[in-house]
Protein chains: 2
Amino acid sequence: MKTKTQKTQSGKVQLLEVAQRLMLAKGYTATSVDEICQQADLSKGSFFHYFESKEELGKAALDGFYFRQKEGMLQAEFRKEADPLKRVESLIDFLIQAFKNPDIPKSCLIGNFSQELSETHPEIRKLCADHFADWAESVKSDLDEAKTKYKPHTPLDTQSIADYLIAVIEGTLILYKAKKDIKIFEKNLGHLKLYVQSIF
Amino acid sequence: MKTKTQKTQSGKVQLLEVAQRLMLAKGYTATSVDEICQQADLSKGSFFHYFESKEELGKAALDGFYFRQKEGMLQAEFRKEADPLKRVESLIDFLIQAFKNPDIPKSCLIGNFSQELSETHPEIRKLCADHFADWAESVKSDLDEAKTKYKPHTPLDTQSIADYLIAVIEGTLILYKAKKDIKIFEKNLGHLKLYVQSIF
DNA sequence: CATATTATACCAACCAGTCGGTATAATAAT
DNA sequence: ATTATTATACCGACTGGTTGGTATAATATG
């Protein structure tokens, strides 16, 4: 019956989870392979059995992070909302609520890696750009639907509005890390929501 | 007459400039004291003559960065604009123009340090929070003036609008580092400007 | 048996920081 | 004015520890 992983997760998954947690908090460079192994209760030999380098682990952690975020979004309740504009507004409300949850890390691996590694790790920079683009695309498709439905008088560049939404989130995370005041999420995302409403 | 430092800058200034440049590009952790010394053409002995630790250098570089940015803002032409609302709009235009200049680094030491060090270096985190607060205060005072002058119908939380402006800038920098497309500044700051106009 | 997983031992390079010392110049004492 | 004292700027070797990474072997697992 208990054929696979009954006591604990596989070594690879464990390493990825620890790496993600540490890198969300301290970034890529300040997170050492040794510390990851320690906290994953595995040896360095195991680490380099699963990942051929720290950078490969970084890429895997980044992909895993984005995949989980995307899954969480797609399966969230607000996605069932029929009206596309309300769906965008609900996305913002969903984020406001999510950031109120103390168990949700106030950090984004894509933003962290983009800031820290864009000049030194070109492949990771590219991955960040791709994930940002994919994220923006999913927002853009709702905005396009809303545009078709509500035909606003002013011309709308939905792509750049989606990018803007991401920038507000990433910037708010940075501000939060300095101030450590959770209210910044509600306030900033509130402004963003008002803006989206104002242009439709 | 020429009593002091006519040929080259003092060692301390040189170290600070190199540190700022490297940390703007690669962050704090990935920038080693050795590399700073190499590029500043000074020995490690000299480094620790001027700074008692790497963290103290980080603080000094952070303060210096903010001071320069603030000076640049205060002396900019748009500050002479009499109308407070136009002054805020001109600030945004000023930033759009500034980011078009290839010589201006597309990076903010306050944002970088906040993201990278907030969990590990509490004193630096505090410094970031203070600088963000000071920056926001300068924006808020213009917004307050505009509020008094134009008496908008909707109630305005000028403090949170100022924070929002900073978040948009910081988030846009992160997006830029991934995408490396300079147009993101004009687009995102354009949305911000529209929002500010819409609420007055 | 063979393959996947884990551990141990090790490495060279690099890390922040220390140390003892020198060269120079400003200041004080004679 | 000359000498003694002190402070500043700087150097480069060195330390203990950490870094990412490797080589090899033990242990599971199928």
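Summary of computed values
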{"read-out": "Unmet criterion (only one of (1) within 27 Å of residue A:183 (Cβ to Cβ); (2) surrounded by fewer than 16 Cβ atoms within 10 Å (Cβ to Cβ); (3) within 16 Å of DNA strand D (Cβ to nearest atom)) for residue A:98", "value": "(3)"}
{"read-out": "Residue satisfying all of: in region A:51-61; within 11 Å of DNA strand D (Cβ to nearest atom) and surrounded by 13 or more Cβ atoms within 10 Å (Cβ to Cβ); nearest to residue A:23 (Cα to Cα) among these", "value": "A:58"}
{"read-out": "Selection from region A:180-200 of residues that are in contact with a Pro (Cβ under 7 Å, 6 or more places away or on another chain) and charged (D, E, K, R)", "value": "none"}
{"read-out": "Long-range neighbours under 9 Å by Cβ, at least six apart or interchain, first residue more than 22 Å from residue A:117 (Cβ to Cβ) within region A:33-59, second more than 7 Å from DNA strand C (Cβ to nearest atom) and part of a loop (DSSP other than H, G, I, E, B)", "value": "A:41/A:8"}
{"read-out": "Boolean, residue B:123 is within 24 Å of residue B:16 (Cβ to Cβ), open to solvent by 60 Å² or more (accessible area, probe 1.4 Å) and within 14 Å of chain A (Cβ to nearest Cβ)", "value": "yes"}
{"read-out": "Selection within region B:182-200 - free of Cβ contacts under 8 Å to residues at least 24 places away in the same chain and either more than 10 Å from every other protein chain (Cβ to nearest Cβ) or open to solvent by 60 Å² or more (accessible area, probe 1.4 Å) (or both)", "value": "B:183, B:187, B:194, B:198"}
{"read-out": "Conditions (1) surrounded by fewer than 16 Cβ atoms within 10 Å (Cβ to Cβ); (2) more than 16 Å from DNA strand C (Cβ to nearest atom); (3) more than 14 Å from the chain's Cα centre (by Cα); (4) in contact (Cβ under 8 Å) with a residue 12 or more places away in the chain; number of the one not met by residue A:85", "value": "(1)"}
{"read-out": "Residue match in region A:163-174 (condition: more than 7 Å from chain B (Cβ to nearest Cβ) and open to solvent by 50 Å² or more (accessible area, probe 1.4 Å))", "value": "no"}
{"read-out": "Residue in region A:140-152 that is open to solvent by less than 50 Å² (accessible area, probe 1.4 Å) and within 11 Å of chain B (Cβ to nearest Cβ) present", "value": "no"}
{"read-out": "Residue in region B:65-72 that is in contact (Cβ under 8 Å) with a residue 12 or more places away in the chain and within 14 Å of residue B:18 (Cα to Cα) present", "value": "yes"}
{"read-out": "Test: residue in region B:31-41 that is more than 7 Å from DNA strand C (Cβ to nearest atom), among the hydrophobic types (A, V, I, L, M, F, W, C) and touching a Ser or Thr at 6+ places or on another chain (Cβ under 8 Å)", "value": "yes"}
{"read-out": "Residue check for residue B:38: more than 10 Å from DNA strand D (Cβ to nearest atom) and open to solvent by 80 Å² or more (accessible area, probe 1.4 Å)", "value": "yes"}
{"read-out": "Only listed residue being touching an Asp or Glu at 6+ places or on another chain (Cβ under 9 Å) and open to solvent by 20 Å² or more (accessible area, probe 1.4 Å), chosen from A:45, A:64, A:27, A:72", "value": "A:64"}
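The values are calculated or read from the model by the stated rules, or taken from the named source; none is laboratory data. Bear in mind the structure is a predicted one, so any value in this text is a computation, not a measurement. Positions of Cβ are generated from backbone atoms using ideal geometry, with glycine treated the same way; all protein chains shown enter the neighbour counts. For the accessible areas, the whole protein counts, side chains as well, though only heavy atoms, and no ligand, DNA or RNA atoms are used. Shrake-Rupley method; radii C 1.70, N 1.55, O 1.52, S 1.80 Å.
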